[in-house]
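Asks: My questions all concern the structure below.
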Amino acid sequence: MAKNLYRGFSTFNKFKKFRVTDFELAKQDLFNHLHIRKGEKLMNPDFGTIIWNVLFEPFSESMRSAIADDLKRIVSYDPRLVVDEIIVTSVDQGIMVELSVIFKQTNELSRMSMLFDQGAVT
């Protein structure tokens, strides 16, 4: 039986155990990173995503490309993950991101869908 290389805790799903390991931990870390507005983290202005800053901007092909580049940059921070595919689409009052990532240790693939909604911006 393989020993878990990465261990952490999450309170995201209260019906699960709080302990998460390996790929689940890497995905949770990525999810957390994507919920921080770029420039919001003290002493690290490059941390976070631009998506929260562009929600009210007109959605164009250059905007889609900028968001995809930003997502690639964020995933590249984590040595456990590699991007497989990124799909960015405009929805009624937000941006939908479908991000496929591969866990390098096991070559396991996971697709994450996240909605960045204007209603969530404070």
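Asks: Can you spot a residue in segment 93-103 that is of a type in the set (D, E, K, R), exposed (fewer than 12 other Cβ atoms within 10 Å of the Cβ) and in contact (Cβ under 8 Å) with a residue 12 or more places away in the chain? Can you show your working first?
Replies: The initial filter retains those residues of segment 93-103 that are of a type in the set (D, E, K, R), namely 98.
When the remaining residues are screened for being exposed (fewer than 12 other Cβ atoms within 10 Å of the Cβ), the result is none.
No, segment 93-103 contains no residue that is of a type in the set (D, E, K, R), exposed (fewer than 12 other Cβ atoms within 10 Å of the Cβ) and in contact (Cβ under 8 Å) with a residue 12 or more places away in the chain.
Asks: Taking the condition within 20 Å of Q118 (Cβ to Cβ), among the acidic types (D, E) and either within 13 Å of the chain's Cα centre (by Cα) or part of a strand (DSSP E or B) (or both), does D84 pass?
Replies: no
Asks: Same structure, new question: Return the total of residues in segment 77-116 being in contact with a strand residue (DSSP E or B) (Cβ under 8 Å, 6 or more places away or on another chain) and polar (S, T, N, Q).
Replies: Count: 6.
Asks: Could you please give the count of residues in segment 87-122 that are more than 20 Å from W52 (Cβ to Cβ), of a type outside the set (A, V, I, L, M) and assigned to a strand (DSSP E or B)?
Replies: 5
Asks: So which residues in segment 74-88 are surrounded by 13 or more Cβ atoms within 10 Å (Cβ to Cβ) and without any contact (Cβ under 8 Å) to a residue 60 or more places away in the chain?
Replies: Of everything in segment 74-88, those that are surrounded by 13 or more Cβ atoms within 10 Å (Cβ to Cβ) and without any contact (Cβ under 8 Å) to a residue 60 or more places away in the chain turn out to be I74, V75, D78, L81, V82, V83, D84, I86, I87, V88.
Bear in mind these aren't lab numbers, they're just calculated from the coordinates by the rules spelled out. What you see is a predicted model, and the numbers here were worked out from it, not measured in a lab. Counting neighbours? That spans all protein chains shown, and the Cβs are built from the backbone with ideal geometry, glycine included.
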